[in-house]
1. Search segment 112-129 for residues that are over 23 Å from HIS156 (Cβ atoms) and assigned by TED's automatic domain parsing to the domain that holds SER71 and pair each with any residue that is of a type in the set (Asp, Glu) and not in a helix (DSSP H, G or I) when their beta-carbon atoms are under 9 Å apart and the residues are at least 6 apart or on different chains.
2. Just to check your reading of the model, which residue among ARG62, ARG96 is more than 30 Å from ASP253 (Cβ to Cβ) and surrounded by 15 or more Cβ atoms within 10 Å (Cβ to Cβ)?
3. Name every residue in segment 67-115 that is under 19 Å from ASN216 (Cβ atoms), of a type in the set (S, T, N, Q) and touching an Asp or Glu at 6+ places or on another chain (Cβ under 7 Å), in order of residue number.
4. Give segment 122-158 a look and list any residue that's under 16 Å from GLU91 (Cβ atoms), among the aliphatic types (A, V, I, L, M) and not in a helix (DSSP H, G or I), or say none.
5. Identify, from the list GLU60, GLU100, the residue that is over 15 Å from the mean Cα position of the chain (by Cα) and within 30 Å of ARG200 (Cβ to Cβ).
6. Just the residues that are surrounded by fewer than 17 Cβ atoms within 10 Å (Cβ to Cβ), under 13 Å from HIS73 (Cα atoms) and of a type in the set (A, V, I, L, M), please, taken from segment 99-135.
7. Being in the same structural domain as LEU18 (by TED's automatic domain parsing) and modelled with pLDDT under 95 is true for just one of LEU197, LEU170. Which residue is that?
8. Among the residues that make up segment 41-52, is at least one of them of a type in the set (Val, Ile, Thr), in a helix (DSSP H, G or I) and without any contact (Cβ under 8 Å) to a residue 60 or more places away in the chain?
Amino acid sequence: MRVRYDRFPGGVHKAITLSFDDGQIHDRRLVGKFNEYGLKGTFHLNSGTLGKEGFLTREEIRPLFTGHEVSAHTVSHPFLEQSPVEQMVQEITQDRKGLEALVGYPVRGMSYPFGTYNDQLVSMLPSLGIEYARTAANEFGFNMPSDFLKWHPTCHYRQMVEYAQQLLALKQRHTKMALLYVWGHSYEFENDNNWELIDRFGELVAGNENIWFATNAEIVSYMHALRQLRFSADYQIVHNPSAQSVWVSVETDVVELAAGQLTELG
């Protein structure tokens, strides 16, 4: 009997997540598009710029991003790898605190300002309460990250339609998790006058039952739950100690492992 970790919630192989930075006013239009097409987004915000000209107000953060995720991007958007350790700590922890006061839930992820980082910064993140951090290094593929603290996206938003088509074309015999991760800034749609890209993207994928639409944090939480599974020595019995169900392949069958339950696979 062979068990594979190759399924997202609902037993599907494919997932899409979208990630946009900086919290400028064009997020309002982008969130409206996401809601129209049933997409899930993670929005990385600088708490220090909220309320300034061209940026979202503090009062609108919670209602605007309901159903999506607010994540950290530092207070003032510095080059963190060029900063003293004390500044790194303050930029991240103060951003978390500021955003958490607005949204009412723990902020556990971030994207690196300018996409830049170093090993010292990465090693510090778990102690600062950060579970994932997105880079700006496109990998142009659909692989799950080997390190969520150096999470490379699939593509910039300008290639989102092309890669959505590639994701949809993956055959059912594809037996790996396939994640399309799109990143960008909402103001780029405005500057480039290409808002039609989000419509084309949405029309391609909306309502597809073979795709899990998730925030960054939802993906991280699911993968943590999957990795916490406890198997018997002969892997015929499995305990899911987490608070969420996960799905695996057992030979050719898709098996749901319910939250907090023991399951016999043999």
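The values are calculated or read from the model by the stated rules, or taken from the named source; none is laboratory data. Remember, it's a predicted structure, so these values are computed and weren't measured experimentally. Please note: Cβ atoms are built from the backbone with ideal geometry, for glycine as well, and neighbour counts cover all protein chains shown.
1. Within 9 Å, the pairs are LEU125/GLU131.
2. Numbers: ARG62 fails: surrounded by 15 or more Cβ atoms within 10 Å (Cβ to Cβ).
Every option except ARG96 fails the conditions.
3. THR74, SER111
4. Scanning segment 122-158 gives ILE130, ALA133.
5. Details: GLU100 fails: within 30 Å of ARG200 (Cβ to Cβ).
So the residue among GLU60, GLU100 that is over 15 Å from the mean Cα position of the chain (by Cα) and within 30 Å of ARG200 (Cβ to Cβ) is GLU60.
6. none
7. Numbers: LEU197 fails: modelled with pLDDT under 95.
Being in the same structural domain as LEU18 (by TED's automatic domain parsing) and modelled with pLDDT under 95 holds for just one of LEU197, LEU170, which is LEU170.
8. Narrowing segment 41-52 to residues of a type in the set (Val, Ile, Thr): 42, 49.
Filter again for in a helix (DSSP H, G or I), leaving none.
No, because not a single residue in segment 41-52 is of a type in the set (Val, Ile, Thr), in a helix (DSSP H, G or I) and without any contact (Cβ under 8 Å) to a residue 60 or more places away in the chain.
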